[in-house]
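All remarks here apply to the structure that follows.
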Amino acid sequence: MGDSLMDGVTSIMLLPDDCLCFIFNFLDCRNDRESFGLTCHRWLNIQNLNRRSLQFPCSFGIVGPSSLSQSCTDINSFHLYRILARFQQLEYLSLSGCVEILDSALSYLKPYGSKLQTLCLDCCFKISDYGISLVGDGCPFLTTISLYRCSITDAGLEALANACLALRHVNLAYCPCISDSGLRALSQGCRELQAVKISNCRGVSGVGLRGCSSTLVYIDAECCNLEPEGIMSIVSGGGLKFLNIASLSCSNFRNGLEAIGNGFAARLKILNLRMCRSVTDASIVAIAKGCPQLQEWNLALCHEVRVLGWASIGSNCHNLKKLHVNRCRNLCHQGLQALRDGCKELSVLYMSRNSRISDTALELFKLYRCNVEIKAEEVMSIGPNWDGIDYDEST
């Protein structure tokens, strides 16, 4: 029996590499995959060659105050070299939170990072435009890059746009040194762009996206200094499905949002105007009429929307399923009645602290629209994940 067992083990050990690769990829347990590489050097090499993704203990997806205060492994150039040399088939690499990593470390992407499709450098504070140019040189097939809170400028974006033509998802949130010039280079150079995050980029007005590709379906521009012309540029591609311009910083905007309803955003499905306090009925009417596919609309804290605006939503938003009206000062019983009598597909109404809505008006709404769930919670963020967006021409 012992000899038979040894013969079986020997047979497995002598399996060709392609069979071992198949076995390794069949393993769905992390511990089993790690144990696979402990068998022998040959099996370890197969494990290394089949690894497709890697992130460090200091990596994080959503950054908050607690994330930045956690202890973090100091990844340096030598560490990154050893990692890239070992795992040469990586398609996903996250260095997010590696706050000490320098530009020079990214030079190793050229010999070893050609297979990378996703690279996350969130809060890599010491990475500059030079480092981003090294990314471009080493990762020509990159489709997703996240540069949240990085100290890059328009020069870095231009280098990226010139080298990584297949980019689809780009996160530039909280990059204070970029402007419309860098966005223009990105949108004109990368014609497969699908999602761009520029929230809290105060130097961006939106005009850099003029003439963007129709593949651009997702834009997050919360807390930006957008201008009316910038709004027109943002929707100019004609393919937009998700738009977040919450907390619009321009105080004199007034009717500038009418551009959203001018026909170029007819495919829009999710719109976040939360805390756009100066948006008027004229803009609401234009959007309600010009965006017939809207399914979710956040108008929380939009104090200037009055009966005319609510009536237009009720009359024109036939596909609306979720509506946020928390703390809208001028939502009264007439406006609520307009929503009650229209919006036949509405399933969830987020409503709280609406001082002009009487208990009677609310009970009448519940009576006539018992299929609509009224939620008191105030939702800050709506829509899909930015890096999970796919362009689909048919929808």
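Whole Å is fine, so just give me how far the alpha carbon centre of the stretch 337-374 lies from that of the stretch 85-156.
First find each Cα centre; the distance between them is then 49 Å.
Taking 0.36 nm per residue of sequence separation and subtracting the Cα-Cα distance, how much length would be gained by fully extending the chain between Ser53 and His79, in nm to one decimal?
Roughly 7.7 nm would be gained on extension.
Going by a ≥ b ≥ c, the root eigenvalues of the Cα gyration tensor, does the stretch 157-269 fall in the rounded group (a/c under 1.5), the prolate group (a/b larger than b/c) or the oblate group? Provide the component values of the computation, followed by the final result.
Values: a/c = 1.88, a/b = 1.24, b/c = 1.51.
Taking the square roots of the gyration eigenvalues as a ≥ b ≥ c, the stretch 157-269 is oblate.
What shape does the stretch 244-371 have by the C-alpha gyration tensor, where a ≥ b ≥ c are the square roots of the eigenvalues, rounded means a/c under 1.5, and otherwise prolate means a/b greater than b/c and oblate the rest? It would help to have the intermediate numbers written out before the result.
Details: a/c = 1.91, a/b = 1.31, b/c = 1.45.
Oblate, because a/c is 1.5 or more while a/b does not exceed b/c.
When only DSSP loop residues count, what trypsin sites (Lys or Arg not before Pro) in the stretch 291-339 have their Cβ near at most 16 other Cβ atoms within 10 Å? Walk me through the numbers before you get to the answer.
Numbers: sites: Arg306, Lys321, Lys322, Arg327, Arg329; in loops: Arg306, Lys321, Arg327, Arg329.
Passing sites in the stretch 291-339 are Lys321, Arg329.
For the pair Ala166/Gln295, report the inter-label distance in nm, with labels modelled 7 Å from Cα in the Cβ direction.
Placing both labels 7 Å along Cα→Cβ, they lie 2.9 nm apart.
Non-local amide H neighbours of Asn171 (under 5 Å, H modeled in plane, Pro and chain starts lacking H): which ones?
Here the answer is Ile145, Ser146, Leu147, Lys197, since their amide H atoms fall under 5 Å of that of Asn171.
Quick one: which of Lys115/Lys241; Lys289/Lys375; Lys241/Lys289; Lys321/Lys366 span more than 18 angstrom between C-alpha atoms?
Violating the 18 Å limit, Cα to Cα: Lys115/Lys241; Lys289/Lys375.
Going by a ≥ b ≥ c, the root eigenvalues of the Cα gyration tensor, does the stretch 185-226 fall in the rounded group (a/c under 1.5), the prolate group (a/b larger than b/c) or the oblate group? Walk me through the intermediate numbers first.
Numbers: a/c = 2.40, a/b = 1.65, b/c = 1.45.
In terms of gyration-tensor shape, prolate.
None of the figures in this text is laboratory data; all of them are computed from the coordinates on show. All figures in this text were calculated on a predicted structure; none of them were measured in a lab. Neighbour counts are summed over all protein chains in view; Cβ atoms, including those assigned to glycine, are modelled from backbone coordinates with ideal geometry.
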